[in-house]
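The values are calculated or read from the model by the stated rules, or taken from the named source; none is laboratory data. Keep in mind that this is a model prediction, so the values were computed, not measured. Cβ placement follows ideal geometry from the backbone for every residue including glycine, while neighbour counts extend to all protein chains displayed.
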Amino acid sequence: MRKLVVVMAAAIALAVGIGTVSAAGGADVHTRTVSFVLSSDRCPNLDPRTTITGTGTEKSISNVRTDQSGVMTIENNTHTHGTATDRDGNTYVFNYSNQFRITNSTADPSTFTGTMNDSFSLAGDAQNLTNGFHAGVTFEFDQSGNIVSASFDQNQAHGDPIDFSTGTAICDPL
């Protein structure tokens, strides 16, 4: 989740720095290697004393548009897949997917609201994990594109993806 907020902040900073971004500007595509460590200390859905370390390839596609009235819309689709292992040598595959669409208003250009869908699944030798959510989101940014505040209004959730009051990851390491 923290990485996703960074993606949003980067998109906002880009838009703030450029000024008006039109739909003709096209999508911004980034592919990178990501890694995570997920432990039963944080995620209660894992067997006790379990730590899983994963690495994979993430592809993130963002589109920032500003309409004629000055309303900015940011859309992002991120997908990550890869492999993981635990300390006992068990192997896993994982899949992560996140989509969000947020929009500001001319009355409050620093506040963006919208929806987010997020899911993480892990399947392997010793155990399986699946969690995700659909939520309304609100992000407030300063003039430099830094996040001032973030809130999640849970609509649906399964597993223990995040703490919706703080946005802190529980069983969703990406």
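Quick look at the values:
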{"quantity": "Hits in segment 64-90 - residues which are more than 15 Å from the chain's Cα centre (by Cα), surrounded by 13 or more Cβ atoms within 10 Å (Cβ to Cβ) and either farther than 23 Å from Ile162 by Cα or at pLDDT below 95 (or both)", "calculated": "Val64, Arg65, Thr66, Asp67, Val71, Met72, Thr73, Asn90"}
{"quantity": "Qualifying residue in segment 123-136 (condition: within 21 Å of Cys171 (Cβ to Cβ) and of a type in the set (Phe, Trp, Tyr))", "calculated": "yes"}
{"quantity": "Options Phe94, Phe100: the member that is hydrophobic (A, V, I, L, M, F, W, C), over 12 Å from the mean Cα position of the chain (by Cα), closer than 21 Å to His158 by Cβ and in a strand (DSSP E or B)", "calculated": "Phe94"}
{"quantity": "In segment 120-162, the residues that are in a loop (DSSP other than H, G, I, E, B) and either in contact (Cβ under 8 Å) with a residue 24 or more places away in the chain or of a type in the set (Phe, Trp, Tyr) (or both)", "calculated": "Asp125, Ala126, Gln127, Asp142, Gln143, Ser144, Gly145, Asn146, Gly159, Asp160, Pro161"}
{"quantity": "Test result for Ser165, surrounded by 15 or more Cβ atoms within 10 Å (Cβ to Cβ), over 20 Å from Thr83 (Cβ atoms), small (Gly, Ala, Ser) and without any contact (Cβ under 8 Å) to a residue 24 or more places away in the chain", "calculated": "no"}
{"quantity": "Any hit, segment 104-114, residues being surrounded by 15 or more Cβ atoms within 10 Å (Cβ to Cβ) and of a type in the set (A, V, I, L, M)", "calculated": "no"}
{"quantity": "Qualifying residue in segment 21-35 (condition: in contact with a strand residue (DSSP E or B) (Cβ under 7 Å, 6 or more places away or on another chain), surrounded by 14 or more Cβ atoms within 10 Å (Cβ to Cβ) and modelled with pLDDT of 90 or more)", "calculated": "yes"}
{"quantity": "Residue satisfying condition, being within 20 Å of Ile147 (Cβ to Cβ) and aliphatic (A, V, I, L, M), within set Val29, Val93, Val71, Val37", "calculated": "Val71"}
{"quantity": "Per-region count, segment 115-155, residues of a type in the set (Phe, Trp, Tyr) and exposed (fewer than 15 other Cβ atoms within 10 Å of the Cβ)", "calculated": "0"}
